[in-house]
Amino acid sequence: MGVKVKRLFLIMVLLALSANCMDAALNFSVIGNFQARTGADEGTHAGIKEMELALQSPLTENIQANIFLSVHGQDDGSFEFHAEEAYFNLVNLPKTLTGFENNWEIGGKIGQKNIGFGKLNPLHPEQWRMLSAPLAFERLFGEEAVRGTGGQLEWAIPLPFFLQVELGLWNIEREEENTSDLVLKNKTASGRLWTSFSSSDENELELGLSTLQPLSKENAAANGADLTYRWYISSSKRYVFQSEYILGNPGDSTQTLSGGYVLNSMKWNTIWETGMRYDWVDSVSGEGNQWALILTRHGSETSKTRVECLMNKDSSPTFIIQYIFGVGPHAHTIQ
C-alpha cells in the first residue's frame, strides 16, 4: 500500500506540473555529483555518485509543486533510479483554504519528502558543508535520509522573536538494503521546534529540537538537538559552527543509541573553504568516532570541488574527491 501511495503522489505532482507548465514557468534543473574514493582498506572507486533532476513550478500564488528524481551509481557500475521527493509546498494555508487575507504564517508540505529532523536530514547532500554523512547518521539512519510519505504543518508563532514549530505525520518505508541500527518505519509522527537570534547583521544563532515518534510502540523512535552559529566576517568571508546530537530508542529493547557531530567551517574568500568535523556514535554496532578534514574550492554558486579525508583509529585514512555542478534554476544553492 505504501508504494502505491508514493506512486500516487508522484503521479499527482507530475500531472499538476504538466497541466500548469503552459501558464507558469517550469523550472527544470540537473545536479551532477561525481566522486572518487580511495583507501588502503577499501580500494578505489570512482564514477557518478548521483544525477538529480529537479522539476519545480508554482501552481497558484500559494502552492508550488516539486519533484526531485535521481539516478544513483553503484560500486558494480550499475545504476538505480529513485524518486527522492515529490511534494506540494503550501504557503499561507489560511488564505489558501478560505480566500481571505490574514496574518497567520502557517504553511505546510504534503507528499513524499525528507522529514524535517535536525539540520542535515531535510537537505540534499549538495547542500551540506561536508562531503560524507557523519558517522552517527550512517549508523542510526543509514546512507539515505529518513524519508516519508505524508505531510506537515509549519507555523511561525507570532512572538517578538522568531520561533517556528513543525508537526508532521508520515509513513516511512524501510528499504531492504538499509542496515541502520535504528529501524524507523511505518506510521511516524514528527516534530521540530527551532528559533533564530541575531545580535547584529554579522552574527546569527540557531537552536532546534526534533523528534520522530512511532504510532506503534514496537517501532524505533529518535530525538535530536542542533545548534548552528554563523559569523559573517565580510561579504565573502564567514565562519560556521554546526553540531547535532541524536538519541534513539530501537523500540524492541531498552537500549539507548546515541551519536552526533561537531563541524567547524571557515570560508576564507569566494573560492576557498576549509572545515573539520568530529563524529561519535554508540549504537548496536558498537562505539565509534572519526575525524574529517575538508577542503572546498567553489567554482560558482552552483559548482564546487571538495576533498575530504576521513580518519579513525581502526582503519587507514580514506580520501574522497567530489565534483558537483548544477544546471538550471535549481531551488537550493550548493554550499
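Inspect all residues belonging to the range 163-181 and state whether any of them is touching a helix residue (DSSP H, G or I) at 6+ places or on another chain (Cβ under 7 Å), of a type in the set (S, T, N, Q) and in a strand (DSSP E or B). Quick ask: steps written out before the conclusion?
Pass one, the range 163-181, residues touching a helix residue (DSSP H, G or I) at 6+ places or on another chain (Cβ under 7 Å): 171, 173, 180-181.
Filter once more, so that each one left must be of a type in the set (S, T, N, Q): 171, 180.
Next, from what is left, pick out any that are in a strand (DSSP E or B): 171.
Yes, there is a match, as at least one residue in the range 163-181 is touching a helix residue (DSSP H, G or I) at 6+ places or on another chain (Cβ under 7 Å), of a type in the set (S, T, N, Q) and in a strand (DSSP E or B).
Taking the criterion of being over 23 Å from residue 147 (Cα atoms) and modelled with pLDDT of 85 or more, the residues of the range 178-227 that qualify are 195, 196, 197, 198, 200, 201, 202, 203, 204, 205, 206.
Within the set 193, 184, the sole residue that is touching a residue at least 24 places away in the same chain (Cβ under 8 Å), surrounded by 14 or more Cβ atoms within 10 Å (Cβ to Cβ) and part of a loop (DSSP other than H, G, I, E, B) turns out to be 184.
Taken over the range 130-163, the criterion of being among the aliphatic types (A, V, I, L, M) and surrounded by 17 or more Cβ atoms within 10 Å (Cβ to Cβ) is satisfied by 130, 131, 133, 135, 136, 140, 145, 146. All conditions but one from (1) touching an Asp or Glu at 6+ places or on another chain (Cβ under 9 Å); (2) exposed (fewer than 15 other Cβ atoms within 10 Å of the Cβ); (3) within 30 Å of residue 276 (Cβ to Cβ); (4) not aromatic (Phe, Trp, Tyr) apply to residue 201; the one that does not is (1).
Among (1) touching a Lys or Arg at 6+ places or on another chain (Cβ under 7 Å); (2) within 20 Å of residue 244 (Cβ to Cβ), there is one condition residue 215 misses while meeting the rest; what is its number? Failing condition for residue 215: (2). Within the range 157-172, the presence of a residue that is within 17 Å of the chain's Cα centre (by Cα) and under 14 Å from residue 140 (Cα atoms) is excluded.
Of the residues making up the range 283-302, not a single one is among the hydroxyl-bearing types (Ser, Thr, Tyr), at pLDDT 95 or above and more than 30 Å from residue 329 (Cβ to Cβ).
Within the range 281-294, the set of residues being exposed (fewer than 15 other Cβ atoms within 10 Å of the Cβ) and within 16 Å of residue 265 (Cβ to Cβ) comprises just one member, 291. Residues that are farther than 20 Å from residue 30 by Cβ and either modelled with pLDDT under 80 or assigned to a loop (DSSP other than H, G, I, E, B) (or both) within the range 75-98 comprise 75, 76, 77, 78, 91, 92, 93, 94, 95, 96, 97, 98, listed in sequence order.
Could you tell me whether residue 234 is modelled with pLDDT under 95 and part of a loop (DSSP other than H, G, I, E, B)? So residue 234 fits the description; yes.
Restricting the range 304-330 to residues that are of a type outside the set (Gly, Ala, Ser) and in a loop (DSSP other than H, G, I, E, B) leaves a set whose member that is surrounded by the most Cβ atoms within 10 Å (Cβ to Cβ) is 330.
The values are calculated or read from the model by the stated rules, or taken from the named source; none is laboratory data. Just so it is clear, the structure is predicted and the values come from calculations on it, not from any experiment. Please note: Cβ atoms are built from the backbone with ideal geometry, for glycine as well, and neighbour counts cover all protein chains shown.
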